[in-house]
1. Can you find even one residue in region 83-92 that is modelled with pLDDT under 95, touching a helix residue (DSSP H, G or I) at 6+ places or on another chain (Cβ under 8 Å), surrounded by fewer than 16 Cβ atoms within 10 Å (Cβ to Cβ) and in the same structural domain as GLU149 (by TED's automatic domain parsing)?
2. Report every pair of residues separated by at least 6 positions or lying on different chains whose Cβ atoms are under 6 Å apart, first residue within region 130-149 and over 16 Å from ILE99 (Cα atoms), second of a type in the set (Ser, Thr, Tyr) and surrounded by 10 or more Cβ atoms within 10 Å (Cβ to Cβ).
3. Restricting attention to region 132-151, report how many residues are under 25 Å from ASP84 (Cα atoms) and surrounded by 10 or more Cβ atoms within 10 Å (Cβ to Cβ).
4. Just one of (1) touching an Asp or Glu at 6+ places or on another chain (Cβ under 9 Å); (2) modelled with pLDDT of 95 or more; (3) under 25 Å from GLN58 (Cβ atoms) trips up LYS124, so point out which.
5. Output the qualifying pairs, or none if there are none: Cβ atoms under 6 angstrom, residues six or more apart or on different chains, first residue in region 112-129 and under 14 Å from GLY74 (Cβ atoms), second residue β-branched (Val, Ile, Thr).
6. Looking at region 98-120, which of the residues that are surrounded by 14 or more Cβ atoms within 10 Å (Cβ to Cβ) and among the polar types (S, T, N, Q) is nearest to the chain's Cα centre (by Cα)?
Amino acid sequence: MTNSLLFVLVALGTLNCNSFSSTTEESSFGLVQEEVSEQAILSEAETCFLYTEGTESQDSTFVSLKVNVDSVTGFMHWQPWQTDGAYGTITAVRSDNIIRGMHNYVIEGSEQSEEVIFKISNGKLYKASGELTEDSGEEIILRFKNPDEAVFKYEFREIDCSLFERF
C-alpha cells in the first residue's frame, strides 16, 4: 500500500513539472485524463503529431507545426505502407484554433501543392478532408472546392518530435 501511494505521489509530481498548461478531468472509469491546452500547442515551440491508419496502423502521416503569432510553418510526411509517400513543407496562417495554408510536397518525384486546413481542439490536431479541385499552370495546385464544407476527419495525436526524421 505504501509503495502504491508513493508511486502515485511521484507520478503526480512528475505531471505537475510539465511545462505545458493542462486541465484534468475524470473519465467514466474514474481515471484522471490530462488534456493539453490549445495554447500549449499553439506556442512558438515545435509541436508534432501523428495519424495512423490501416488494418494494423501501418500507414502514417506525421505533422510538425511551429506557430509564430498568426504565422505557421511546418512539415508533413505521409507514408503509406510499402509504397512511396509524400513529404514537404507547410506554410499557413492561424485564426483562433484554425490553421489554413499550403502543403508544398514531393510525391513520386513530382512537386505539388495542396491546400490544407487544420483545427486544434481538445489538445489534438484535426486535418480537414473535402473535395479538391486542380489548378493547372506551371505547377499542380490542389484546392478545396468548398472549404466551408470540409470535414475535420483525421485526428492526430501529439507525439515527441524526435521520433521522426525530416527529409
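1. No, the conditions are met nowhere in region 83-92.
2. Here the result reads ILE141/SER113; LYS145/THR133, each pair linking region 130-149 to a residue that is of a type in the set (Ser, Thr, Tyr) and surrounded by 10 or more Cβ atoms within 10 Å (Cβ to Cβ).
3. 10
4. So the condition that LYS124 fails would be (2).
5. Filtered contacts from region 112-129: PHE118/ILE99; ILE120/ILE41.
6. Result: ASN104.
The values are calculated or read from the model by the stated rules, or taken from the named source; none is laboratory data. Computed from a predicted structure; not experimentally measured. Glycine gets a Cβ as well: all are built from the backbone with ideal geometry, and neighbour counts include every protein chain shown.
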